Amino acid sequence: MQKSECYGGVQMRNRVTGNYDQKTSSSIQIKHQAAVQRSKSSLSTSSPESARKLHPRPSDKLNPKTINPFGDQPRAPSAFAAIYSKGGIPCRLVHGSVKHRLQWECPPENLPFDPLLITLAEGLRETKHPYTFVSKEGFRELLLVKGASDKAVPLLPRLTPVLKAALVHADDDVFERGLNALMQLSAVVGPSLNDHLKHLLTSGSLIVIKSKIPTYCSVCC
């Protein structure tokens, strides 16, 4: 009777011990798996690739792989826009209820044409408001001042390539502004423009311009 009880007690202890060993083994396996996972995570975060993602180097900005060539890239402002934003153009656009107008900081006849007239001519190639209006209207109003001819004639060699760039521009509005500016300039300087027309006119725009500029421009007419 004592042996049976002893044997039964041994079996019970073995079951308890076995269950305890299984639980202990499972616990050890779980702890081991967790340690392995933490180790992998630590290796991944400490890798050079992940370090670069967390702390990008300045040189990465120059790496073509990090730049999307099809994305919207910031564009630097044009020369005319930069000058206008810094107050280099002595006039501002005034929004009226019917139409816009320019407000000059001082009377236009007191302003030097060099380099203001050339800067306004360069602005004719702008495609955004208010630069389109400021350049077009500023160029026109500056040529209306008293003595504009004497001030504009010396600038013709420098105005010619600028106006030509507007006349060969792909944008139709830019071409129209360049053509109007050429007509306004021709009306002010007269035959003095003739010597420069052969450098200004292109075969593609010659037919259109011939019908619109004054007849005294004998080189093209």
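The values are calculated or read from the model by the stated rules, or taken from the named source; none is laboratory data. Everything numeric in this text was worked out from a predicted model, so none of it was measured. Every residue, glycine as well, gets a Cβ built from its backbone with ideal geometry; the counts of neighbours run over all protein chains shown. Calculation scope for accessible area: heavy atoms of the full protein, side chains included, ligands and nucleic acids excluded. Shrake-Rupley method; radii C 1.70, N 1.55, O 1.52, S 1.80 Å.
Can you name the condition, by its number, that P191 falls short on among (1) farther than 21 Å from V134 by Cα; (2) in contact with a Phe, Trp or Tyr (Cβ under 7 Å, 6 or more places away or on another chain); (3) open to solvent by less than 40 Å² (accessible area, probe 1.4 Å)?
(3)
Within the range 79-133, can you find the residues that are part of a strand (DSSP E or B) and either exposed (fewer than 12 other Cβ atoms within 10 Å of the Cβ) or in contact with a helix residue (DSSP H, G or I) (Cβ under 7 Å, 6 or more places away or on another chain) (or both)?
As a first pass, look at the range 79-133 and keep what is part of a strand (DSSP E or B): 91-94, 101-104.
Once the filter is applied, which keeps residues that are part of a strand (DSSP E or B) and either exposed (fewer than 12 other Cβ atoms within 10 Å of the Cβ) or in contact with a helix residue (DSSP H, G or I) (Cβ under 7 Å, 6 or more places away or on another chain) (or both), the range 79-133 yields C91, L93, V94, L102, Q103.
Could you figure out which of (1) under 22 Å from G190 (Cβ atoms); (2) among the β-branched types (V, I, T); (3) assigned to a helix (DSSP H, G or I) isn't true of V145?
So V145 meets the others, but not (3).
Find all pairs meeting these conditions: Cβ atoms under 6 angstrom apart; at least six residues apart or on different chains; first residue within the range 137-158 and touching a residue at least 60 places away in the same chain (Cβ under 8 Å) and open to solvent by less than 40 Å² (accessible area, probe 1.4 Å); second residue charged (D, E, K, R) and assigned to a helix (DSSP H, G or I).
Pairs found: none.
Would you point out which residue out of V145, V162, V208 is at pLDDT 95 or above and β-branched (V, I, T)?
Exactly one of V145, V162, V208 is at pLDDT 95 or above and β-branched (V, I, T), namely V145.
Of the residues that sit in the range 166-188 and are closer than 18 Å to V134 by Cα, touching a helix residue (DSSP H, G or I) at 6+ places or on another chain (Cβ under 7 Å) and open to solvent by 10 Å² or more (accessible area, probe 1.4 Å), which one is modelled with the lowest pLDDT?
Of everything passing the filter in the range 166-188, F175 is modelled with the lowest pLDDT.
Does A170 count as free of Cβ contacts under 8 Å to residues at least 60 places away in the same chain and outside any helix (DSSP H, G or I)?
Yes.
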